[in-house]
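Novice: To start, I am sharing the structure in question, which I have written as structure tokens.
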Amino acid sequence: MPSGVGSSEMSSSSSAVSWRDGGLPLLVLLALGLGLKLAAGFAALESNPLATDLTSDSLYYMERAHGLAGEWDDPLADESYHLPPLYPLVLAVTGTSVTAVLVLQALAGTALLALLWCIARRRLSRRAALLTVALTLAYGALTFFETKVLGDSLATFLLVAVIAVGDRLAETGAGTRTGAGAARKRRRTAALMGALVTLCALLRPQALLLIPLLFAWLLGRTAAAQPGGRQAAFSFLLAAALLLVPSTLHNLQAGAGFAPVSDNGGVNLWLANSGPLSGTFATDDTAFGDIAQQSRAAWEAAARMGTASTSAHPLDAAEVGHRLGRAAVTVIVEEPLTFLHRVGLRALALVEDFETGIVTVPAVEAPLIAPLRILVLPFAALFALFAAALVLGVPARLARAAPCAPLVAVSLMVVVTTLLFFHYSRFRLPLVPILALAAGGLVDVLGTRRAEGHGRHLVLALVAAAMAAAVSWLPADHHAPTLAGGHATLGESHLRAGLRAADSAAAPDPDPDPDPADSESDPDARLRSAERDLNRALDEARRALDIRPGFLRAEELAAHALVRLQHYEEAAVHLDRIAAHLPQHVPLLILRARLLVETHPDNPFTDIEAARVLLQRLRGMRLDGYQLSQVAQLQARLPPPKR
């Protein structure tokens, strides 16, 4: 038989895969993978300010981790989990150190490659299995997300582990003399699979969908016919359920109702199905990320749907999620054609080559991380290879070699949740090893096709690959808002760094005898650092405005950097553009007050009395703590009023 799926060269699914079989090529791939992943993590810490200047989900996770570690007060300790609870615990265990968690994620990413070798070798020849590992490593987004303080890379590792344990479950008992021994092994292996699924769900709640899918598989005819098959299914279910008990009880006690992992599913469902038509995350909701404002939005949505109660009390995060979730279902039922339109856009976004996000945008941040320039395999190439493999029957052959249910279940989890909610690049990471597995199978099948002379199938496979690549590489102009937002987020991080350095340079040095060799103690060095970061912020603002002219967030960023860099006239132009759209925007008014307060000779806008009036007006507005401190600092710079 020619070398290929089902050939004698392939490792049998009923025997353990030998690590020696990978030989030196596998060791080189794993060593290269670990080296690149560690290098990417350290490069991110050095050159990407967003690696440590945490925002959005990452900031939430780190703040909860500090609370769990007892380093800070945790005001959310008694509230329901708004985001999955396991990742803050991981951060707390690693000492709330970004460096430590990035190293952990690099190790997990390398372990993923090792597990993938086992999965591939059970189904494919040695060279095809090695190609599978190489393709997965070459997809740079997988390593990129290992440099972020997010749980997605660890969740992807756990999902690959679930698939590997599923393979092991199918062969457990082989060589065992007694049926009872085989049954015990199957129960233990199934319980391990259940535990892994729940751990993954506590990082990414979408994985809850795997519990019924895999339970049904374990109860199926083939699994049930083996020793301990049905008991194994219930061992899986019991292990999965037990690990969900702590988070479920916590959320129940916090008033969130039955929420096994977190309470934000309803908010996401509402944002995904009520905002602009888009396959990726997009919202016109100014309340996004603000629980107090989302509470008001939930009341308004409930009133529009006729479901508001008579006692309008403030809503907590869990109630917001429930209200908006019900409103989202109502919108889907009442506007089915619009929902189907959204589903189509999400399906397209899922296979697009563009790497997207909302706060974390790989297309913006990845170029800052030098090692990622080596890992350049685009998603479009993987998708095209998968399309060719589909035409040539690779998935069917893989299914005959080893269990396919875990692979299908993971794929369904990603696809179904994407179509129902929205697409992020980090949500499709679990698909990458599966696509690479099918692509690796091409090596074996093509050898068989050449031997059998099936040229027509090869032509069809090439056509399918070309069509898939064309769909994946469609013009990405609709991603302009995402790219502009990514540049603005990066610029805001540079701005914060510049402001910290400037404030540090202006503050009196507490050390009466500073070390001359210590650049951080030199005010001039701090000023140079501040100027460098402010100019970087301005550069990112200009990039954002080039992509999306009139983007108010970038206008505000540019104005803030220009005021601090003492380019007052150019700053005033940006402030006027913001005022034309949002005249009462608090950050705009604070920047305007700063422009009026500055007494630099090059500032033609200095007007102390106008600044005094504006700052007094700001004191009467609703301000957060940071805005109050800014207003107080500016008022402290005003001279006493003339009598």
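Novice: May I ask which residue of Q566, L614, L534 lies farthest towards the positive end of the charge dipole of segment 513-622, with charges of +1 (Lys, Arg) and -1 (Asp, Glu) on Cβ and the Cα centre as origin?
Specialist: L614
Novice: Report the calculated FRET efficiency for S504 and A216 (r = Cβ-Cβ distance, R0 = 51 Å), to the nearest 0.05.
Specialist: Efficiency computed from Cβ-Cβ geometry: 0.30.
Novice: I've got another one for you. Using a 10 Å cut-off on Cβ atoms, rank the peptides 125-135, 148-158 from the highest mean neighbour count down.
Specialist: 148-158, 125-135
Novice: Right, here's the next one. Taking the Cα-to-Cβ direction at R496 and at A476 and moving 7 Å from each Cα, how far apart do the two end points lie in nm?
Specialist: 2.5 nm
Novice: How would you order 615-622, 257-264, 423-430 from highest to lowest mean count of nearby Cβ atoms within 10 Å?
Specialist: Those peptides, ordered most packed to least, come out 423-430, 257-264, 615-622.
Novice: In nm, give the distance between the simple-model label positions of D624 and A580, each being 7 Å from the Cα along the Cα-to-Cβ direction.
Specialist: Label at D624, label at A580, 2.8 nm between them.
Novice: Still on this structure, please answer the following. Could you calculate the FRET efficiency of F234 with A100 from 1/(1 + (r/R0)^6), where r is the beta carbon distance between them and R0 is 45 Å, rounded to 0.05?
Specialist: 0.75
Novice: Only loop residues by DSSP count here, and only those with at most 16 other Cβ atoms within 10 Å; note down the GluC sites (Glu not before Pro) in segment 60-100 that meet that.
Specialist: Answer by residue number: E71.
Novice: Relative to the Cα centre, what is the charge dipole magnitude of segment 79-204, using +1 at the beta carbon of each Lys and Arg, -1 at the beta carbon of each Asp and Glu, and rounding to the nearest 20 debye?
Specialist: 840 debye
Novice: Could you state the orientation-averaged shadow area of the convex hull built on the Cα atoms of segment 380-510, in nm² to one decimal?
Specialist: In nm², the orientation-averaged hull projection of segment 380-510 is 13.3.
Novice: So between V28 and D607, what do we pick up on full extension, going 0.36 nm a residue minus the alpha carbon distance?
Specialist: 201.8 nm
Novice: Same structure, new question: Give me the extension gain from H600 to F258: residue separation times 0.36 nm, minus the current Cα-Cα distance, reported in nm with one decimal.
Specialist: Between H600 and F258, full extension yields an extra 117.2 nm.
Novice: Consider a paramagnetic label point 7 Å from the Cα of Q616 along Cα→Cβ; state which residues of segment 629-643 have an amide N under 17 Å from it.
Specialist: 631-632, 634-643
Novice: May I pose another question? On the accessible surface of segment 94-195, probed at 1.4 Å, how many percent belong to carbon and sulfur atoms?
Specialist: 62 percent
Novice: Starting from the Cα of L45, step 7 Å along the direction of its Cβ; do the same at V415; then give the gap between the two resulting points in nm.
Specialist: Distance between the two pseudo-spin positions: 4.1 nm.
Novice: In addition: Packing-wise, with mean Cβ within 10 Å as the measure, how do 573-579, 403-409 rank, highest first?
Specialist: Highest mean packing first, the order is 403-409, 573-579.
Novice: Would you work out what percent of the accessible area of segment 372-442, with all protein chains in place, is carbon or sulfur (probe 1.4 Å)?
Specialist: Of the solvent-accessible surface of segment 372-442, carbon and sulfur hold 78 percent.
Novice: May I ask you to derive the FRET efficiency for A525 and T52 from their Cβ-Cβ distance with R0 = 22 Å, giving the value to the nearest 0.05?
Specialist: Plugging the Cβ-Cβ distance into 1/(1 + (r/R0)^6) gives 0.65.
Novice: With the full set of protein chains in place, find how many percent of the accessible area of segment 550-643 is carbon and sulfur; take the probe as 1.4 Å.
Specialist: Carbon-and-sulfur percentage of accessible area, whole number: 54.
The values are calculated or read from the model by the stated rules, or taken from the named source; none is laboratory data. These numbers were taken from a predicted model, which means no experiment stands behind them. Counting neighbours? That spans all protein chains shown, and the Cβs are built from the backbone with ideal geometry, glycine included. Remember, those area values only see protein heavy atoms, side chains included, never the ligands or the DNA or RNA. Shrake-Rupley method; radii C 1.70, N 1.55, O 1.52, S 1.80 Å.
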